[in-house]
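Below is one structure; the comments refer to it alone.
The values are calculated or read from the model by the stated rules, or taken from the named source; none is laboratory data. Predicted, not measured: the structure shown is a model, and the values here were computed from it. Don't worry about glycine lacking a Cβ; one is built from the backbone with ideal geometry, like all the others, and counts go over all protein chains shown.
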2 protein chains.
Amino acid sequence: MAHLPRCDSPPFPAVDHDHGRCRSWILQRAEQLCQQQGIRFTPQRQQVLAILSASHRSLGAYDILERMAESTRRPTPAAVYRALAFLMELGVVHRMSGNNAYFACTRTNHQHIMQFWICRRCGVVAETESSTIAQAIPLLAETLEFQTAWVTMEIEGECRTCRTA
Amino acid sequence: MAHLPRCDSPPFPAVDHDHGRCRSWILQRAEQLCQQQGIRFTPQRQQVLAILSASHRSLGAYDILERMAESTRRPTPAAVYRALAFLMELGVVHRMSGNNAYFACTRTNHQHIMQFWICRRCGVVAETESSTIAQAIPLLAETLEFQTAWVTMEIEGECRTCRTA
DNA sequence: AGCTGATTGATATAATATATCATCTCAAAG
DNA sequence: CTTTGAGATGATATATTATATCAATCAGCT
Ligand SMILES: [Zn+2]
Ligand SMILES: [Zn+2]
Ligand SMILES: [Zn+2]
Ligand SMILES: [Zn+2]
């Protein structure tokens with residue numbers, strides 16, 4: 001990520017923000033990560049990420065499948081899930097377990113513990129990293145003598161844009 | 001809940017703890033809540049909660065269905081999901097979206113924001129309420145101008161019992 | 001060209017969850 | 001005691017999400 005600028009769009013960017021910039025950042029980052037790691041960013045994988053990068057909204061796997069079917073031959077579910085697994089492994093797509101949906105990440109240098117803010121009306125997802133929470137969880141874990149492997153934090157509600165509309 | 005003692009079993013209780021106490025607390029609390037609210041705690045609902053209250057582990061809906069089939073006529077999936085929806089609405093069962101599983105709550109006076117600690121080996125779930133986190137989330141929400149409706153916090157890992165075994 | 005491992009295609013199926021309408025039950029009203 | 005009506009359950013079908021398996025293809029290397 002050295003010479004790739006950050007995607008500086010804020011959480012829940014304005015509806016008229018320059019999303020082309022977000023979009024190309026998402027795709028270029030994936031390209032670069034694949035090159036660095038010597039793995040292949042195949043057309044199918046590109047296509048799935050391109051669909052997700054079209055907005056900051058999350059999409060279900062079968063929604064993605066439908067959109068792929070619009071431009072090319074309809075893929076099988078397995079193909080979609082394979083591409084999603086690849087992109088999640090690469091760290092450029094996240095899965096929202098609350099609604100079985102996937103979205104393109106716009107943050108670099110994730111800590112282990114992120115918050116995902118999901119607008120129930122428009123479906124847009126924002127990511128934050130609270131240092132307070134990042135500190136609190138290991139403390140709780142220590143008290144419980146619990147060895148943490150994975151943290152899911154999803155907050156559902158309404159974003160400013162939808163509330164004021 | 002006035003005269004029902006708290007379920008004082010700690011998070012991740014020892015394997016030899018007096019679970020009969022947990023179990024009867026879970027069932028009596030549900031009974032009492034139904035009486036207070038004038039709603040019916042039918043045999044099917046009791047049976048689902050009895051199955052969940054048999055341990056602190058979470059179970060999938062179809063696991064519950066199988067256990068019901070052992071003692072009575074095999075119910076339909078819809079019957080299981082209806083009972084689970086009822087018990088969740090009552091607040092005595094929670095759903096873990098990370099693994100589509102359900103477990104019997106052992107805490108009263110939930111705040112809005114709980115942490116669910118899920119052991120990947122034994123499946124036991126513990127609940128905590130961190131005041132630090134309960135304060136942090138509204139602050140983040142305010143910054144984002146986000147109106148929070150629901151918070152999911154699930155931490156997967158290994159409990160002490162499983163780590164030391 | 002031939003080899004090898006990664007990727008994709010094809011097919012089937014698993015796992016989780018809901019929709020719909022008919023029937024039954026129970027408690028309250030008459 | 002009967003009626004009645006809302007809530008609960010049964011029955012059936014189907015929707016939604018995800019994975020397993022094996023064959024075919026492709027890309028990069030020798
Ligand atoms: Zn954007
Ligand atoms: Zn991210
Ligand atoms: Zn117990
Ligand atoms: Zn609880």
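Given the conditions (1) part of a helix (DSSP H, G or I); (2) at positive phi, and given that B:ARG67 satisfies all but one, which numbered condition is not satisfied?
Only one criterion in (1) part of a helix (DSSP H, G or I); (2) at positive phi is unmet by B:ARG67, namely (2).
Please verify whether the range B:122-133 includes one or more residues that are touching a strand residue (DSSP E or B) at 6+ places or on another chain (Cβ under 7 Å) and more than 21 Å from B:PRO11 (Cβ to Cβ).
No, the conditions are met nowhere in the range B:122-133.
May I ask you to list the residues in the range B:12-32 that are surrounded by 15 or more Cβ atoms within 10 Å (Cβ to Cβ), under 15 Å from the mean Cα position of the chain (by Cα) and either within 16 Å of DNA strand C (Cβ to nearest atom) or over 18 Å from B:ALA126 (Cβ atoms) (or both)?
B:LEU27, B:ALA30
Considering B:ILE64, B:ILE51, B:ILE26, which residue is away from DNA strand D (no atom under 16 Å from the Cβ), in contact with a strand residue (DSSP E or B) (Cβ under 8 Å, 6 or more places away or on another chain) and within 21 Å of B:ILE118 (Cα to Cα)? Show your work before the answer.
Values: B:ILE64 fails: away from DNA strand D (no atom under 16 Å from the Cβ); B:ILE51 fails: away from DNA strand D (no atom under 16 Å from the Cβ).
Only one candidate passes the filter, namely B:ILE26.
For the range B:67-92, give me the residue count where each residue is aliphatic (A, V, I, L, M), closer than 15 Å to B:PHE116 by Cβ and away from DNA strand C (no atom under 12 Å from the Cβ). Explain how you work it out, then say what you get.
Residues of the range B:67-92 that are aliphatic (A, V, I, L, M), as a first pass: B:68-69, B:78-80, B:83-85, B:87-88, B:90, B:92.
Within this subset, residues satisfying the condition of being closer than 15 Å to B:PHE116 by Cβ are B:88, B:92.
Those still in the list that are away from DNA strand C (no atom under 12 Å from the Cβ) too: B:92.
The qualifying residues number 1.
Got a sec? Which of A:ALA126, A:ALA136, A:ALA141 is within 15 Å of A:ILE155 (Cβ to Cβ), buried (at least 16 other Cβ atoms within 10 Å of the Cβ) and away from DNA strand C (no atom under 16 Å from the Cβ)?
On the way: A:ALA136 fails: within 15 Å of A:ILE155 (Cβ to Cβ); A:ALA141 fails: within 15 Å of A:ILE155 (Cβ to Cβ).
The conditions single out A:ALA126.
Could you list, in sequence order, the residues of the range B:146-165 that are β-branched (Val, Ile, Thr) and within 18 Å of the chain's Cα centre (by Cα)? Let's see the steps before the verdict.
Applying the first criterion (β-branched (Val, Ile, Thr)) to the range B:146-165 yields B:148, B:151-152, B:155, B:161, B:164.
Across the range B:146-165, the qualifying residues are B:VAL151, B:THR152, B:ILE155.
Scan the range A:68-80 and tell me whether some residue there is in contact with a helix residue (DSSP H, G or I) (Cβ under 6 Å, 6 or more places away or on another chain), outside the structural domain of A:CYS119 (by TED's automatic domain parsing) and of a type in the set (Gly, Ala, Ser).
No, there is no match, as no residue in the range A:68-80 is in contact with a helix residue (DSSP H, G or I) (Cβ under 6 Å, 6 or more places away or on another chain), outside the structural domain of A:CYS119 (by TED's automatic domain parsing) and of a type in the set (Gly, Ala, Ser).
For the range A:155-164, check the following and say yes or no: at least one residue is modelled with pLDDT under 95 and among the β-branched types (Val, Ile, Thr).
Yes, some residue in the range A:155-164 is modelled with pLDDT under 95 and among the β-branched types (Val, Ile, Thr).
Look through the range B:104-155, keep the residues that are under 21 Å from A:ASN99 (Cβ atoms) and small (Gly, Ala, Ser), and return whichever of them is nearest to DNA strand D (Cβ to nearest atom).
B:ALA149
Provide a single number: the residues in the range B:108-140 that are at the interface with chain A (Cβ under 7 Å from one of its Cβ atoms) and either without any contact (Cβ under 8 Å) to a residue 12 or more places away in the chain or under 15 Å from the mean Cα position of the chain (by Cα) (or both).
Looking only at that region, the number is 7.
Checking B:PHE41 against (1) assigned by TED's automatic domain parsing to the domain that holds B:ARG82; (2) in contact (Cβ under 8 Å) with a residue 12 or more places away in the chain; (3) of a type in the set (A, V, I, L, M, F, W, C): exactly one of these is not met. Which one?
(2)
Could you please find all residues in the range A:144-165 being surrounded by fewer than 18 Cβ atoms within 10 Å (Cβ to Cβ) and either in contact (Cβ under 8 Å) with a residue 12 or more places away in the chain or under 13 Å from B:TRP117 (Cβ atoms) (or both)?
In the first step, residues of the range A:144-165 are kept if they are surrounded by fewer than 18 Cβ atoms within 10 Å (Cβ to Cβ); the result is A:145, A:147, A:149-150, A:160-165.
Within the range A:144-165, A:GLU145, A:GLN147, A:ALA149, A:TRP150, A:ARG160, A:THR161, A:CYS162 qualify.
Which one of these is of a type in the set (S, T, N, Q), within 14 Å of chain B (Cβ to nearest Cβ) and closer than 27 Å to A:HIS19 by Cβ: A:THR148, A:THR164, A:THR72, A:THR143?
So the residue among A:THR148, A:THR164, A:THR72, A:THR143 that is of a type in the set (S, T, N, Q), within 14 Å of chain B (Cβ to nearest Cβ) and closer than 27 Å to A:HIS19 by Cβ is A:THR164.
All but one of (1) in contact (Cβ under 8 Å) with a residue 60 or more places away in the chain; (2) touching a Lys or Arg at 6+ places or on another chain (Cβ under 8 Å); (3) surrounded by 19 or more Cβ atoms within 10 Å (Cβ to Cβ) hold for A:ALA101, so report the exception by its number.
It fails just one condition, (1).
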